[in-house]
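The values are calculated or read from the model by the stated rules, or taken from the named source; none is laboratory data. The model shown is predicted, which means the values in this text are computed figures rather than measured ones. Don't worry about glycine lacking a Cβ; one is built from the backbone with ideal geometry, like all the others, and counts go over all protein chains shown. Side chains are part of the model used for accessible areas, which takes the heavy atoms of the whole protein and leaves out ligands, DNA and RNA. Shrake-Rupley method; radii C 1.70, N 1.55, O 1.52, S 1.80 Å.
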Amino acid sequence: MKLVKPSELQNTTVIGEFILLGFGNTKNLNIFLFVLFLIIYIVTVSGNILIITLVVAEKRLHTPMYFYLSNLSFLEICYTTTILPKMMATFLTGNKTISLWGCILQMHIFCTLAATECYLLAAMSYDRYLAICRPFHYVLIMNNKTCFLLVTISWINGSFLITILTSLLTQLTFCNRYEIDDFFCDFTPLVRLSCSDTWMIESVALMTSSVGLLSTFFITVSFYALIIRAILKIPSLDGKKKAFSTCSSHLTVVSVFYGSLMFVYILPTTGKFEDMKKGFSFVYTVLTPIVNPFIYSLRNKDIKEILRKEFFKFGKFSDYH
């Protein structure tokens with residue numbers, strides 16, 4: 001907790017912009033990094049748009065699992081667009097500054113998307129639980145109304161929790177310290193730079209993360225514990241493989257997302273751990289959105305068949321012309 005008296009504030013300089021230190025001194029690599037992240041951005045957006053397009057266009061993909069997947073893909077596009085364009089502009093221009101309100105806006109959008117993804121992954125785990133453990137009740141419970149309700153709740157809850165924190169963040173004063181040792185504006189580094197009393201916002205952050213984010217993690221883990229137990233009870237090996245294949249893609253995404261998220265927010269914030277945290281931040285903010293379409297397409301039989309069919313049609317069309 002930091003507390004600065006009004007008399008002390010008179011001798012401080014109020015900060016109107018920050019410097020994102022990013023990956024350190026990369027001046028000699030800026031062009032290379034710009035091209036690299038441009039490719040990552042294009043592949044990420046294209047891959048997730050492809051997933052959404054397939055789900056919308058193909059009637060056989062009009063199922064709850066793919067409805068959730070298309071929402072996840074949309075969320076990943078927003079993730080990437082929130083962070084990478086600013087990062088690429090930094091590499092291109094060498095200007096690492098970001099305005100106070102620009103930083104708060106980036107933090108708000110990013111954290112809202114992260115919170116929403118936690119709820120969305122929990123909803124997807126519930127969908128897989130019903131499909132494997134309650135197959136006879138699946139169609140009755142997981143209908144269109146339920147799917148829309150769970151996705152809506154995910155977005156509303158994620159937005160609500162972060163809006164509370166953002167409203168408190170806008171009331172803080174930032175002075176003297178202006179360097180953020182990261183490549184984007186995150187909540188914790190931003191709060192640490194404040195010279196105001198941060199007890200209230202840190203307490204609210206603890207409550208919202210406990211009530212909202214940790215609860216979704218335990219819900220997701222609990223459903224997968226039940227799923228794994230049900231799969232282990234299947235007598236035949238082929239039956240186990242078939243059941244596991246229906247949730248393996250989602251389980252992979254959950255493991256990568258929560259694994260990197262926990263390393264970022266649980267590891268100490270000093271010394272060598274700071275660079276490790278930055279690396280894991282890179283995993284769930286940049287690498288996860290680009291990897292997810294490949295995970296779902298390469299490990300999903302329906303999507304692979306549809307892609308093969310579309311490429312075959314395109315090949316015949318090209319040969320004809």
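Assorted remarks:
- Selected residue [within 19 Å of Ser70 (Cβ to Cβ), open to solvent by 10 Å² or more (accessible area, probe 1.4 Å) and of a type in the set (A, V, I, L, M)] from Leu150, Leu105: Leu150
- Selection from the range 179-199 of residues that are outside any loop (DSSP other than H, G, I, E, B), hydrophobic (A, V, I, L, M, F, W, C) and open to solvent by 10 Å² or more (accessible area, probe 1.4 Å): Phe187, Trp199
- Pairs, first assigned to a helix (DSSP H, G or I) in the range 155-169, second surrounded by fewer than 17 Cβ atoms within 10 Å (Cβ to Cβ) and modelled with pLDDT of 95 or more, C-beta under 8 Å, six or more apart: none
- Qualifying residues in the range 72-104 (those that are β-branched (Val, Ile, Thr) and in contact with a Ser or Thr (Cβ under 8 Å, 6 or more places away or on another chain)) - the one farthest from Leu29 (Cα to Cα): Ile104
- Contacts under 7 angstrom Cβ, first residue in the range 209-234 being crowded, with 16+ Cβ neighbours inside 10 Å, partner among the basic types (Lys, Arg) and at pLDDT below 85, 6 or more apart: Ile231/Lys240
- Residue that is most open to solvent (accessible area, probe 1.4 Å), among those in the range 156-178 that are within 18 Å of Gln106 (Cβ to Cβ) and out of contact with any helix residue (DSSP H, G or I) (no Cβ under 9 Å at 6 or more places or on another chain): Tyr178
- Yes/no for Val139 being in a helix (DSSP H, G or I), surrounded by 14 or more Cβ atoms within 10 Å (Cβ to Cβ) and out of contact with any Asp or Glu (no Cβ under 9 Å at 6 or more places or on another chain): no
- Check on Leu193, farther than 21 Å from Ile83 by Cβ and not acidic (Asp, Glu): no
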